[in-house]
Amino acid sequence: MQTHEPLLPDGARRTAAWCGVVLLVTGVAAVAVWLCVVFKTAVTPVLLALLGTALLGPVHRRMTAHGVNRSVAAGITCALLLAVVGGAGYIVVSALVETGDQIVASLKDAGQWVTDHVRVAGDLSMDDLEANGRKLVEKFGASAAGGLLTGISFVGSLVATSILALLLTFFFLRDSDRAARLAHSIAPRGTGDMVEAMGRRAFEAVEGFMRGTTLIALIDAGCITIGLLILRVPGAVGLGALVLVGAYIPYLGAFISGAVAVLVALADRGFVIALWALGVVLAVQVLEGHILQPMIQSRTVQMHPAMILIALTAGASVAGILGMLLAVPLCAAAFGIIGELRSAGAVPEAPGDGD
């Protein structure tokens with residue numbers, strides 16, 4: 001029997017097969033992102049509720065382990081979440097409102113100092129920059145609020161999303177024990193255990209990320225606030241609140257909040273104090289990167305900084321600030337799933353991974 005030579009060599013066939021897989025995965029991912037954008041009013045509360053469930057899961061499990069009814073434990077946990085988030089939000093907003101004008105004035109003075117010393121050419125003034133900045137913010141805010149929900153104000157949609165996310169957090173906490181049965185029921189025959197393991201691994205990654213990020217944010221904000229208070233930088237509490245909020249956006253949030261603190265110190269306390277403020281910010285970042293991150297998030301999925309920056313950029317392009325907040329936890333979940341597949345042998349390890 002005569003055998004026919006293959007039309008393409010073996011290497012070309014393998015390359016074509018991998019290209020087909022990449023195109024298929026990219027297409028599925030693009031459709032998934034498109035559906036999330038189309039149904040963002042429903043997807044956003046679900047994702048926020050999952051983050052809240054990941055953060056509060058250990059508290060709920062500890063309460064149920066002591067014999068508390070699951071519904072009662074979920075209600076108490078959600079009430080605790082509401083009290084903590086509401087209290088923290090009040091502290092942050094009040095601190096920013098009380099010192100906001102002072103911070104803005106200091107930033108304006110810092111910009112004027114830079115303009116005077118760097119000798120920026122032309123008739124550019126800080127008043128012009130301020131006016132242009134306000135116009136940009138107004139245009140961006142109007143487009144963002146108008147594109148969020150047609151016919152509904154931004155504040156109303158934010159309140160509705162928060163309430164829905166809180167209710168979903170309650171149900172997710174209460175019915176988390178049914179997740180394994182749900183995974184087995186929707187999975188194809190014979191893959192229930194694998195789907196359950198992947199779901200657990202993904203949720204554990206998000207859970208560890210949320211707990212670690214929250215603890216690191218509190219430590220960073222506390223250390224920087226204490227340092228700015230010692231240096232007598234105006235608006236230290238508000239700047240610390242800005243650091244606390246920005247810590248949930250890795251790298252970019254810390255850079256922006258630290259730069260604002262240094263500029264405020266430069267404007268009100270001079271060049272020497274600004275250098276000390278820069279030293280405080282850098283010391284806290286070194287403490288976070290070399291001690292806090294390895295200790296607190298040692299059990300979570302470790303991602304390369306380049307991957308985090310790419311995820312932040314993609315999240316910002318899809319959903320703005322909300323996308324930046326959700327990008328890294330979603331990537332942590334994806335890396336958790338890949339890790340589970342590799343441990344099960346479904347995905348081959350790259351050379352050198354086992355070293």
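The values are calculated or read from the model by the stated rules, or taken from the named source; none is laboratory data. Everything numeric in this text was worked out from a predicted model, so none of it was measured. A quick note on method: Cβ atoms are made from the backbone with ideal geometry, for glycine too, and the neighbour counts reach across all protein chains shown. These accessible areas exclude ligands, DNA and RNA; they are computed on the full protein's heavy atoms, side chains included. Shrake-Rupley method; radii C 1.70, N 1.55, O 1.52, S 1.80 Å.
In Å², and per residue, what accessible area does the range 39-93 have when probed at 1.4 Å with the other protein chains present?
Counting only protein heavy atoms, the per-residue value for the range 39-93 is 55 Å².
Starting with the highest mean, order 257-265, 14-22, 285-293 by the number of other Cβ atoms within 10 Å, averaged over the residues of each peptide.
257-265, 285-293, 14-22
Could you look at the range 158-286 and say what percent of its accessible area is carbon and sulfur, using a 1.4 Å probe and all protein chains?
73
Across the range 206-223, in residue order, what do the Karplus-derived ³J(HN,Hα) couplings come to in whole Hz, using 6.51 cos²θ - 1.76 cosθ + 1.60 with θ = phi - 60° and x for Gly and Pro?
5, 4, x, 5, 5, 5, x, 5, 5, 5, 5, 4, 5, 5, 4, 5, x, 5
Please give the peptides 26-33, 207-214, 66-73, 165-172 ranked by average Cβ packing (other Cβ atoms within 10 Å per residue), highest first, as a rough proxy for protection.
Result, highest mean first: 207-214, 165-172, 66-73, 26-33.
Could you work out the percent of alpha carbon pairs in the range 154-304 separated by over 27 Å, rounded to a whole number?
Taking all Cα-Cα pairs of the range 154-304, the fraction more than 27 Å apart is 45 percent.
Taking the Cα centre as origin and putting +1 on Lys and Arg beta-carbons and -1 on Asp and Glu beta-carbons, what dipole magnitude results for the range 161-284, to the nearest 20 debye?
60
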